[in-house]
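What follows is a set of notes on a single structure, which appears directly below.
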Amino acid sequence: MNYNWNWGILLQAEPGGSGSYLQYLVVGLGWTLATALAAWVIALAIGLVVGTLRTTPLKWIVRLSNAYVEVFRNVPLIVQMFLWFFVLPEVLPTGLGDWMKQMPPPWGSYVPAVLCLGIYTSVRVAEQVRAGIQSLPRGQGMAGTALGLSLLQTYRYVILPMVMRIMLPPLTSEFMNIIKNSSVALTIGLLELTGRARAMQEFSFQVFEAFAAATAIYLLTNLVVVLGMRALERKVRVPGLITAQGAGAQ
Amino acid sequence: MSGFDFDVIQRSVWYLFRDGMTFTVTLTLMAMAGGIVFGTLLAMMRLASFQPLAWVAGAYVNLMRSVPLVLVIFWFFFLVPYIGAWVIGEKTPIKVGAFWSAVITFTMFEAAYYCEIMRAGIQSIARGQVAASLALGLNYWQTMGHIVLPQAFRNMVPVLLTQTIILFQDTSLVYVISATDFLGAAAKVANRDYRLVEMYSFVALVYFVISFAASYYVRSLQGRIAVVR
Amino acid sequence: MISVKNVSKWYGAFQVLADCSTEVQKGEVVVVCGPSGSGKSTLIKCVNALEPFQEGEILVDGISVGDPRTDLPKLRSRVGMVFQHFELFPHLTVTENLTLAQIKVLNRQKDAAVAKGLKLLERVDLSAHKDKFPGNLSGGQQQRVAIARALCMDPIAMLFDEPTSALDPEMINEVLDVMVELAQEGMTMMVVTHEMGFARKVAHRVIFMDSGRIVEDAPKEEFFGTPRSERAQLFLSKILQH
Ligand SMILES: Nc1ncnc2c1ncn2[C@@H]1O[C@H](COP(=O)(O)OP(=O)(O)OP(=O)(O)O)[C@@H](O)[C@H]1O
Ligand SMILES: [Mg+2]
């Protein structure tokens with residue numbers, strides 16, 4: 001292949017003056033994680049509520065939560081990004097819309113990106129929560145009710161703690177998805193890891209070094225998440241409870 | 001905001017579908033076909049008893065699944081011209097349009113996901129079926145082609161289709177290489193006429209209707225297949 | 001026709017077959033019995049190389065099964081096999097089940113293959129079902145189709161691995177009748193089964209296995225008369241009770 005490799009480029013200064021290209025990319029990882037983590041909080045909170053609601057006997061609530069899931073599942077992420085970034089400020093009341101539009105960079109991109117990713121992922125979390133609850137033996141709920149707990153208390157103290165443990169493996173993979181998906185925020189101007197690799201390619205013309213470095217950073221991040229989650233899983237394991245992973249593994 | 005302007009949609013809708021949606025749908029179908037073929041090969045490799053083959057396929061699948069699609073799109077957008085030049089023996093990178101670059105990217109990327117589906121499908125076929133086929137004298141490829149893959153494929157049709165709906169939505173990311181897919185076409189009109197609200201809302205609506213209808217169809221298919229089995 | 005010489009096989013450290021030797025002559029019917037887990041299926045699967053073995057030698061019509069140079073598909077196509085769970089191909093019709101290997105392995109013309117298939121289907125009395133899918137047949141019918149499928153290949157020998165043990169009692173006889181007929185026509189057969197009635201009627205020899213060993217290998221009359229090993233006596237008394 002006729003390509004001039006120059007790995008030294010990673011240590012050269014980037015034109016913005018913040019340091020080397022490598023540092024520039026690592027800061028990008030910082031933004032990736034900051035976006036992913038903030039969105040994860042939203043995704044977990046909404047996902048838990050909506051997923052739980054979908055298993056309740058309350059018909060209208062179930063229907064409403066199903067609609068929520070369908071809407072955010074059937075529109076591509078990048079289109080949702082554009083809705084949050086371009087469309088929402090225009091349809092909000094003028095004052096609020098202007099405030100969103102006038103947020104200084106990078107917050108003007110960061111906030112819509114976090115909201116978008118959070119809600120986009122909440123739908124997937126909700127699916128996992130529902131599947132997790134429905135996989136529990138029915139007796140668990142009944143045992144709770146038999147002890148005199150209310151519906152709310154049964155969910156809070158019996159069902160959800162069990163479900164959280166069952167759901168750890170699927171949630172790990174959702175968390176890795178949110179890290180990967182945060183790259184879509186580059187389309188609304190957020191300079192996270194992929195966006196910075198792209199910018200580095202434009203400044204330095206060293207295409208493959210830029211993308212290779214970004215790829216390596218993503219792989220390392222994945223590794224750390226997997227190991228971390230595995231440790232967490234061991235810590236919260238309930239003796240005798242088959243985890244979703246254990247049951248699903250080949 | 002000066003009210004919702006339906007007119008811009010009406011003016012551009014023909015262009016959006018003729019250029020944009022055609023691109024999107026063609027890309028989806030080609031990447032689906034290529035991805036399922038390549039993914040099935042990967043699945044067979046992953047299940048091969050020859051360890052290096054299984055390892056290579058496993059590494060490929062895990063790599064693709066660990067990296068954001070946007071980054072993969074960039075990779076291939078810049079890499080394919082070099083690979084093309086290398087294949088036909090040119091010195092300088094060849095020109096590859098956004099469309100073919102996208103077809104190659106999505107085929108290679110989705111293959112990793114189709115691979116895992118087909119792998120589960122192959123593993124769901126009872127071992128006795130393979131034994132019976134071998135006992136009749138069919139060789140590995142005949143056993144795969146006539147006995148295992150048709151059954152695996154049939155069992156996995158709903159999952160493969162669900163993955164294809166995801167692929168259909170994912171193709172909108174070719175926006176990052178300025179391709180004129182459905183979203184790209186809408187973005188062009190939106191920026192030209194400064195009608196972002198209308199165009200992006202319309203795009204969201206169209207994607208929603210198509211994806212929702214398709215998932216509804218897959219779900220009903222799932223019910224029917226479950227009965228037959 | 002089939003000769004098994006000092007065959008041993010291990011799954012990891014666990015020995016499934018220990019120094020097994022026996023011989024099946026042309027036209028001979030040999031019944032293999034023994035308690036569950038004794039290695040009967042494993043032994044019979046070694047004969048057409050569905051299971052590899054680490055030690056010993058198996059010759060089928062003079063061809064060594066364990067030899068890496070042996071054309072296994074060709075060898076397998078000459079040995080018919082019938083499985084406990086039928087293993088008809090559920091996505092193919094009965095006729096397609098009967099013709100697939102004829103066309104792909106023996107390179108027969110489609111017409112010839114279909115003609116052959118229908119002839120054997122008639123023989124197992126199932127002509128009316130030629131266009132059905134296996135899922136729409138009863139267990140006994142499926143097993144008869146499976147036997148016809150194996151016979152389509154004009155095998156020099158037939159292997160049966162508990163062909164009736166997955167069947168409801170009322171269907172066992174329809175399958176056994178077909179097998180008895182085959183035996184009386186002089187087919188070379190190696191049959192893993194607990195159907196001692198079948199053994200009494202057509203077997204020439206009975207092999208009794210226990211923990212991977214061939215404990216007893218005797219002519220039928222001798223085996224049912226006075227089995228030499230205690231294990232075989234105990235086993236016989238257990239199955240003959242019902
Ligand atoms: N793939 C395998 N891995 C490890 N052990 C195995 C495997 N297949 C079979 N075995 C073991 O080998 C032994 C013999 O198995 P085999 O199926 O030949 O027994 P069998 O005599 O046919 O019994 P049955 O009457 O139950 O069919 C058993 O103890 C079984 O657990
Ligand atoms: Mg057995």
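Whether any residue in segment A:53-68 is open to solvent by less than 20 Å² (accessible area, probe 1.4 Å), within 14 Å of chain B (Cβ to nearest Cβ) and of a type outside the set (A, V, I, L, M) is what I want to check.
The answer is no; no qualifying residue exists.
If you check C:GLN102 against the conditions, is it part of a loop (DSSP other than H, G, I, E, B) and under 26 Å from B:ILE125 (Cα atoms)?
no
Pick from C:PRO35, C:PRO68: which is modelled with pLDDT under 95, more than 10 Å from ligand 1 (Cβ to nearest atom) and either more than 17 Å from the chain's Cα centre (by Cα) or β-branched (Val, Ile, Thr) (or both)?
When all the criteria are applied, what remains is C:PRO68.
Regarding C:GLU87, is this residue within 16 Å of ligand 2 (Cβ to nearest atom), of a type in the set (D, E, K, R) and closer than 20 Å to C:ALA148 by Cα?
yes
Can you tell me which of A:ASN6, A:ASN2 is modelled with pLDDT under 95 and surrounded by 12 or more Cβ atoms within 10 Å (Cβ to Cβ)?
A:ASN6
Among the residues of segment C:105-124, how many are touching a helix residue (DSSP H, G or I) at 6+ places or on another chain (Cβ under 7 Å) and either hydroxyl-bearing (Ser, Thr, Tyr) or not in a helix (DSSP H, G or I) (or both)?
4
So B:VAL209 passes all but one of these: (1) surrounded by 21 or more Cβ atoms within 10 Å (Cβ to Cβ); (2) more than 14 Å from chain C (Cβ to nearest Cβ); (3) more than 24 Å from B:ILE73 (Cα to Cα); (4) at pLDDT 95 or above. Which condition number does it fail?
Answer for B:VAL209: the failing condition is (1).
Which of (1) under 25 Å from C:GLU122 (Cα atoms); (2) open to solvent by less than 20 Å² (accessible area, probe 1.4 Å) is the odd one out, the single condition C:GLU174 does not satisfy?
Only one criterion in (1) under 25 Å from C:GLU122 (Cα atoms); (2) open to solvent by less than 20 Å² (accessible area, probe 1.4 Å) is unmet by C:GLU174, namely (2).
Scan segment C:39-49 and give yes if some residue there is away from ligand 1 (no atom under 15 Å from the Cβ), touching a strand residue (DSSP E or B) at 6+ places or on another chain (Cβ under 6 Å), of a type in the set (Ser, Thr, Tyr) and closer than 23 Å to C:SER229 by Cβ, otherwise no.
No: segment C:39-49 contains no residue that is away from ligand 1 (no atom under 15 Å from the Cβ), touching a strand residue (DSSP E or B) at 6+ places or on another chain (Cβ under 6 Å), of a type in the set (Ser, Thr, Tyr) and closer than 23 Å to C:SER229 by Cβ.
Out of curiosity, is B:VAL218 open to solvent by less than 20 Å² (accessible area, probe 1.4 Å) and facing another protein chain (nearest Cβ under 10 Å)?
Taking the combined requirement at face value, the residue does not satisfy it.
Among the residues that make up segment C:86-95, is at least one of them under 14 Å from the mean Cα position of the chain (by Cα) and not in a helix (DSSP H, G or I)?
Looking through segment C:86-95, at least one residue is under 14 Å from the mean Cα position of the chain (by Cα) and not in a helix (DSSP H, G or I).
Run down B:ALA179, B:ALA186, B:ALA204 and say which single residue is facing another protein chain (nearest Cβ under 10 Å), of a type in the set (A, V, I, L, M, F, W, C), in contact (Cβ under 8 Å) with a residue 12 or more places away in the chain and open to solvent by less than 30 Å² (accessible area, probe 1.4 Å).
Going through B:ALA179, B:ALA186, B:ALA204 in turn, just one is facing another protein chain (nearest Cβ under 10 Å), of a type in the set (A, V, I, L, M, F, W, C), in contact (Cβ under 8 Å) with a residue 12 or more places away in the chain and open to solvent by less than 30 Å² (accessible area, probe 1.4 Å): B:ALA186.
Got at least one residue in segment B:99-106 being of a type in the set (Gly, Ala, Ser), more than 12 Å from chain A (Cβ to nearest Cβ) and farther than 13 Å from B:PHE38 by Cα?
Looking through segment B:99-106, at least one residue is of a type in the set (Gly, Ala, Ser), more than 12 Å from chain A (Cβ to nearest Cβ) and farther than 13 Å from B:PHE38 by Cα.
Please list, ordered by first then second residue, the pairs with beta carbon atoms under 7 Å, 6 or more apart or interchain, first in segment C:134-159 and touching a residue at least 60 places away in the same chain (Cβ under 8 Å), second assigned to a loop (DSSP other than H, G, I, E, B) and among the charged types (D, E, K, R).
C:ALA146/C:GLU87; C:PRO155/C:ARG78; C:ILE156/C:ASP61; C:ILE156/C:ARG78
It is to be established whether one or more residues within segment B:70-84 are surrounded by fewer than 21 Cβ atoms within 10 Å (Cβ to Cβ), among the small types (Gly, Ala, Ser) and either free of Cβ contacts under 8 Å to residues at least 60 places away in the same chain or closer than 25 Å to A:ALA212 by Cα (or both).
Yes: segment B:70-84 contains one or more residues that are surrounded by fewer than 21 Cβ atoms within 10 Å (Cβ to Cβ), among the small types (Gly, Ala, Ser) and either free of Cβ contacts under 8 Å to residues at least 60 places away in the same chain or closer than 25 Å to A:ALA212 by Cα (or both).
Looking at segment C:162-173, I want the residues that are more than 14 Å from every other protein chain (Cβ to nearest Cβ) and have a partner that is more than 16 Å from ligand 2 (Cβ to nearest atom) with Cβ atoms under 6 Å, at least 6 apart or on another chain. Which pairs are those?
Every condition considered, the pairs that remain are C:THR164/C:ILE172; C:THR164/C:VAL175; C:LEU167/C:GLY139; C:LEU167/C:GLY140; C:MET171/C:GLY139; C:MET171/C:GLY140.
From A:PHE86, A:PHE82, which residue is open to solvent by less than 40 Å² (accessible area, probe 1.4 Å) and not basic (Lys, Arg)?
Testing whether each residue is open to solvent by less than 40 Å² (accessible area, probe 1.4 Å) and not basic (Lys, Arg) leaves just A:PHE82.
For segment C:204-219, which positions are farther than 21 Å from C:SER36 by Cα and in contact (Cβ under 8 Å) with a residue 40 or more places away in the chain?
Answer for segment C:204-219, where residues must be farther than 21 Å from C:SER36 by Cα and in contact (Cβ under 8 Å) with a residue 40 or more places away in the chain: just C:HIS204.
Looking at (1) closer than 30 Å to C:LYS74 by Cβ; (2) open to solvent by less than 10 Å² (accessible area, probe 1.4 Å); (3) touching a Gly at 6+ places or on another chain (Cβ under 9 Å), find the lone condition where C:PHE208 falls short.
(1)
Look at segment C:93-105 and say how many of its residues are facing another protein chain (nearest Cβ under 8 Å) and either surrounded by fewer than 22 Cβ atoms within 10 Å (Cβ to Cβ) or under 16 Å from C:LEU126 (Cβ atoms) (or both).
Final tally of qualifying residues: 2.
What are the residues in segment C:106-131 that are in contact with a Ser or Thr (Cβ under 9 Å, 6 or more places away or on another chain) and open to solvent by 80 Å² or more (accessible area, probe 1.4 Å), if any?
Once the filter is applied, which keeps residues that are in contact with a Ser or Thr (Cβ under 9 Å, 6 or more places away or on another chain) and open to solvent by 80 Å² or more (accessible area, probe 1.4 Å), segment C:106-131 yields C:LYS110, C:ASP131.
Would you say B:LEU138 is within 30 Å of B:TYR217 (Cα to Cα) and within 14 Å of chain C (Cβ to nearest Cβ)?
Spelling it out, it is not the case that B:LEU138 is within 30 Å of B:TYR217 (Cα to Cα) and within 14 Å of chain C (Cβ to nearest Cβ).
The values are calculated or read from the model by the stated rules, or taken from the named source; none is laboratory data. Not measured: the values here are computed from a predicted model. Using ideal geometry, Cβ is built from the backbone for each residue, glycine included, and neighbour counts are taken over all protein chains shown. Areas reflect the complete protein model, heavy atoms only, side chains present, ligands, DNA and RNA absent. Shrake-Rupley method; radii C 1.70, N 1.55, O 1.52, S 1.80 Å.
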